[in-house]
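The values are calculated or read from the model by the stated rules, or taken from the named source; none is laboratory data. Predicted model only: the values in this text are computed from it and were never measured. Ideal geometry is used to build each Cβ from the backbone, glycine not excepted, and the neighbour counts take in all protein chains shown.
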Amino acid sequence: MSSPASLEVQYNLIRNFARQTPVNATVTSFSVIFSTLMLWPYVPTSALVAWATLHLALVSLLFVRWMQRYLQARRGKVLVSAPRAPLEMRVARGSRRAILFAIISGVLWGATVFTLPYLPPVQTVAMVIVVSAMTGGATTTLSAIPMAAAAYALTTPIPFSVYFFLRGFDSAFFFLGLQALVMTAGMLWASRSVHGTFIEDVKARIEATEALEELRRSRDEWLDVAQSTDAFALFDADKQLKFWNAEFERLITTGSVSVRAGLSWEELLAGFEPSESESSGLITAQERHDRYVRHLPHADDPFIERLADGRWIRSVMRPTERGNLVWLVQDITAERQREAVEMKLRARLSESKQLQTIGQFASGVAHDFNNVLGAIQSFAEFMTMPASKPDGRLLAAQRIVKACERGAGMVRNILQLATASRIEKATFKFASAFDQAVNFLPREHPENVTFTIDNRAESSFVDANESQVIQLLLNLIVNAFAALKGRVGRISLYADQINVDTATVSRFFNAAANLDGVTTALDGSSQFVFGMLLPEQPYVKIVIEDNGVGIEPDLLSRIFDPFVTTKESTLRTGFGLTVVRSVVLASDGALLVRSTVGKGTTFEVYLPVIAAPSANQAAPAPNQPHEGNERVMVVDDDPDSADGLVLALRGMGYDAVAIYEPGGALAEYVSSPQAWDAVVADQAMPGMGGHELAARIKQVRADARIFLYTGHASDELRQRAAGIGVAGVLQKPVDPKILAGLIRG
């Protein structure tokens, strides 16, 4: 196999041969024209025209290809980014083309031997001279490619030699044939000699240049090392210390071993005091030695450690091409101290931001809950007034129930922020959620607002939580009305099933890859996206558009945070858009919001579409009746919660009893287990939790019906309760009607 240097030389020779194409084409063309004119009176016209035409066609083809490459190079149209073939392949391909050209051209010039029988003696000698000159010139040009030169020489003078020898032993013809053979051998020998000498000379030049370049790089490298302010030491090929600077001797703790010339690398490492590795703490001298030995092949991976005197150092071992070893050591104690201070500052800053976020969140929660509690307190006080009329008390009670439902919804929204991905999903028709969300809206909207609705996804099914999707639609619609701020405007709600194209998928991917997620479009609008789209997945696309005040670009990515405020006012968005984000992510969907200040905002929500459920899928169970007469034990350490449930159950006919202490409830149940039809207990109680109370009751009566309620019904609690045999786990605040239906069920 040829060396890279030899291949490079051959490739350059082939390129130089190709560059001579215009000269070769011109000389060959004139020679063909001259020979044709000389042979015209004597040689049959058809044969002469065919010979000349083939020659000129070959030369023209080569010249045209050369001109195309030349013009491409001049105009910069060569595809420099396209992968280039390996050097060996390019050399072989160039050699094959040159050999093919030499054979075709040689055969054509050798074919002129068939004209000799038609020529007078003078023209015969002239033709021999022309062919000899062409052969010598072509062979000299092709000397860069010996095989091509041999092919041309053998196909050109050999036919003449054969012709002259076949003419007999006439001295003139015999010497002409012998001359052709001697000329062929001489040209081949000269081509081989010139080519070999030239190749060896250029290879020697390249090798000398490479050696000088390596020497220069080595010199520069050692100069850089020697001039470095870091500690360094140089070991020879036998790993013996040859040179070091004062900084190296100051940094390296060697114990009883002193730094001296000729000290082996192993001896120097063995003398190190135990140190502390960055990755695994305190290590012994032997462990340290072993780590340096393993570290040696990885010159770009520094080894960081703390020495016995408390200093931190960073070591790099760099083997050279000549087998030497350079050990660079840097004192990074000050750097480590700065990093420690910066880490503490970052921790304090992070803690401050967390406290600020928690404070903002708590402020928003307190604001909304105070509104709910204030309404409940006002209506309850009204009901206690002697002058209150029965119908007024009923209205106040209904408003209290509404306020409680509002508070319960706020609690669910808070929990959804952390547990949206674990909410149970099911297949449902999107049109059902769409219609319910629209029906929840007031029938009358402000006269200055034009509200249009268009649902084209009537037959689409999605896999999500239906109540969450309804909440998503409601929150976005309410947000659109709020964005108008009482001005004349329009709001449109549109839904359709689509197949996203590659451009839309890329837009989501590129926008999501942006550092802050906010990008600016050509029309000046700002957009923010989250979630990803799949190109082969159909989606229900929901578009809610308004022409309201718009959103500032620096606020666009924060509108999904709880209780974010705008620059213009302290109006809080509450949990609305925060819940929207949670629902989209829980449904494996995506969202894009695009807004222009003063022109309006558009929300695009994409929910994945799935196949329609089978026809034999079970229908939901009908609502259970509420009224009953069962005896129910309600256990809760909060008397208000216990008494409220008891009063509600009694109002529906149940014989309900409240017990405020789990130990007393257990004793009461053990004394007469068959007297109770159901037990309803709070999960979080002092001394004994609801699940523990349920387990002890189950030991007394295996078929006891027990229900737990809690402020956070986690999956873990549900699994633990199911293992005990609990009939159900409810989320606070408990709806008495739902509880009654479960008891009856």
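Of a type in the set (G, A, S) and touching a helix residue (DSSP H, G or I) at 6+ places or on another chain (Cβ under 8 Å): does that describe A684?
Judged against the criteria, A684 is a match.
Among P41, P22, which is the only one that is at pLDDT 75 or above and either assigned to a helix (DSSP H, G or I) or not assigned by TED's automatic domain parsing to the domain that holds F114 (or both)? It would help to see each step written out before you state the result.
Numbers: P41 fails: either assigned to a helix (DSSP H, G or I) or not assigned by TED's automatic domain parsing to the domain that holds F114 (or both).
The conditions single out P22.
Name the residues in region 413-427 that are at pLDDT below 70 and exposed (fewer than 15 other Cβ atoms within 10 Å of the Cβ), would you?
L417, A418, S421, R422, E424 - these are the residues of region 413-427 that are at pLDDT below 70 and exposed (fewer than 15 other Cβ atoms within 10 Å of the Cβ).
Filter region 98-124 for residues that are free of Cβ contacts under 8 Å to residues at least 40 places away in the same chain and surrounded by fewer than 16 Cβ atoms within 10 Å (Cβ to Cβ) and give the result.
Filtering region 98-124 for residues free of Cβ contacts under 8 Å to residues at least 40 places away in the same chain gives 100, 117, 121-122, 124.
Matches in region 98-124: L100, P117, P121, V122.
Select from region 678-706 the residues that are in a loop (DSSP other than H, G, I, E, B) and either acidic (D, E) or touching a His at 6+ places or on another chain (Cβ under 8 Å) (or both) and list them in ascending order. So that I can check it myself, show each step before the final result.
So the first thing to find is which residues in region 678-706 are in a loop (DSSP other than H, G, I, E, B), and the list is 683-689, 701-705.
Residues satisfying the conditions are Q683, D703.
Cβ-Cβ under 9 Å, sequence separation 6+ or interchain: first residue in region 144-160 and outside the structural domain of A111 (by TED's automatic domain parsing), partner surrounded by fewer than 21 Cβ atoms within 10 Å (Cβ to Cβ) and assigned to a helix (DSSP H, G or I). Which pairs?
Sorted first by the residue in region 144-160, then by its partner, the list stays empty.
What pairs come out if I take residues in region 733-745 that are outside any loop (DSSP other than H, G, I, E, B) and pair them with residues that are of a type in the set (S, T, Y) and crowded, with 16+ Cβ neighbours inside 10 Å whose C-beta lies under 9 Å away, six or more apart or interchain?
Hits for this filter: L739/Y709; A740/Y654; I743/Y654.
Filter region 690-717 for residues that are under 48 Å from the mean Cα position of the chain (by Cα) and over 18 Å from D636 (Cα atoms); which is surrounded by the fewest Cβ atoms within 10 Å (Cβ to Cβ)?
The selected residue is E716.
Evaluate the following for Y152: is it under 60 Å from the mean Cα position of the chain (by Cα), at pLDDT 65 or above, surrounded by 15 or more Cβ atoms within 10 Å (Cβ to Cβ) and in a helix (DSSP H, G or I)?
Working: under 60 Å from the mean Cα position of the chain (by Cα): yes; at pLDDT 65 or above: yes; surrounded by 15 or more Cβ atoms within 10 Å (Cβ to Cβ): yes; in a helix (DSSP H, G or I): yes.
For Y152, the condition - under 60 Å from the mean Cα position of the chain (by Cα), at pLDDT 65 or above, surrounded by 15 or more Cβ atoms within 10 Å (Cβ to Cβ) and in a helix (DSSP H, G or I) - is met.
Do you know which residues across region 526-541 are of a type in the set (G, A, S) and surrounded by 20 or more Cβ atoms within 10 Å (Cβ to Cβ)?
S526
Restricting the search to region 707-732, which residues are part of a helix (DSSP H, G or I) and closer than 23 Å to A675 by Cβ? Spell out the reasoning first.
Let us first name the residues in region 707-732 that are part of a helix (DSSP H, G or I), namely 715-724.
Correct list: I724 only.
Out of everything in region 654-677 that is hydroxyl-bearing (S, T, Y) and not in a helix (DSSP H, G or I), what residue ends up being nearest to L739 (Cα to Cα)?
Y654
Would you check if F272 is in contact with a helix residue (DSSP H, G or I) (Cβ under 7 Å, 6 or more places away or on another chain), at pLDDT below 75 and either surrounded by fewer than 15 Cβ atoms within 10 Å (Cβ to Cβ) or of a type in the set (F, W, Y) (or both)?
Criteria met by F272.
Can you find a residue in region 693-706 that is acidic (D, E) and touching a residue at least 24 places away in the same chain (Cβ under 8 Å)?
Checked region 693-706: no residue is acidic (D, E) and touching a residue at least 24 places away in the same chain (Cβ under 8 Å).
Could you check region 643-689 and list, in sequence order, the residues that are without any contact (Cβ under 8 Å) to a residue 24 or more places away in the chain and touching a strand residue (DSSP E or B) at 6+ places or on another chain (Cβ under 6 Å)?
Within region 643-689, D643, V646, R650 meet the criteria.
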